[in-house]
Amino acid sequence: MIPDTPLAIARAYHQQGWQVLEVKPRQSKCTVKDWPDTHYTSDELAQKFDNIPGRQNIAVALGTGSNNLIDIDLDTPEAIIAARDLLPETRRFGRPSAMHSHYLYFCEGAETAKY
């Protein structure tokens with residue numbers, strides 16, 4: 001069964017070792033101060049995440065806070081098509097207009113680069 005409340009989803013991600021953070025409804029930017037150093041305990045999740053579907057978003061911090069989780073973000077339809085043949089099978093997600101445009105992997109030793 002797929003969890004459907006922010007709290008249930010946050011708990012499922014937390015159990016996988018992912019660093020989860022709350023995001024305001026209809027927002028995509030995390031507003032948690034000092035988010036790189038914020039790691040909720042299992043008990044704290046119930047204080048931070050809602051138990052009503054659709055009222056809250058969830059952010060997952062990539063990198064060392066989430067066991068070296070990385071996101072391959074495919075920005076064009078051609079990249080999404082090519083990824084099916086070039087990238088190993090993994091968990092994928094995306095928006096309705098670009099389903100499967102993000103591929104998640106664990107990558108020990110990965111470093112962040114900003115362009």
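Throughout, read-outs are computed from the coordinates displayed, never taken from laboratory work. Keep in mind the model is a prediction, meaning the values are calculated, not measured. No Cβ is skipped: glycine too gets one built from the backbone with ideal geometry, and neighbour counts run over all protein chains shown.
In a Debye calculation with equal point scatterers on the alpha-carbon sites of the chain and no solvent, what is log10 I(q)/I(0) at q = 0.10, 0.16, 0.17, 0.21 Å⁻¹?
So the normalised log intensities are -0.33, -0.85, -0.95, -1.32.
Ratio of the range 1-63's C-alpha Rg to 2.2 N^0.38 Å, to two decimals?
Scaled against compact globular proteins, the figure is 1.01.
Cut-off under 18 Å on the C-alpha distance; same-chain residues fewer than 8 positions from LYS24 excluded. Which lysines are left, in chain and number order?
Output for LYS24: LYS33, LYS48.
What spacing in nm lies between the two simple spin-label points modelled at ILE81 and LYS33, each 7 Å away from Cα in the Cβ direction?
If labels sit at ILE81 and LYS33, their model points lie 4.9 nm apart.
Which of these, GLN19, GLN27, GLN56, has the largest mean-square fluctuation under a Gaussian network model of the chain (Cα springs below 10 Å)?
GLN27
If you take the charge dipole of the chain about its Cα centre, with +1 on Lys and Arg Cβ and -1 on Asp and Glu Cβ, which of SER42, ILE58, GLN27 is farthest toward its positive end?
With unit charges placed on the Cβ atoms, the residue in question is GLN27.
Report the net charge of residues surrounding HIS102, where surrounding means a beta-carbon distance below 15 angstrom and charges are Lys +1, Arg +1, Asp -1, Glu -1.
Net charge around HIS102: 0.
Using unit Cβ charges (K, R positive; D, E negative) and no other charged atoms, how large, in debye to the nearest 20, is the dipole of the chain about its Cα centre?
The calculated dipole for the chain is roughly 420 debye.
Under a 10 Å cutoff between Cα atoms, tell me which one of LEU74, LEU86, LEU45 has the largest fluctuation in the Gaussian network model of the chain.
Checking each option, the largest mean-square fluctuation is seen for LEU86.
Place a point 7 Å from Cα of ALA12 in the direction of its Cβ. Which residues in the range 48-83 have their backbone N less than 16 Å from it?
Only 50-60 fall inside the zone, counting backbone N under 16 Å.
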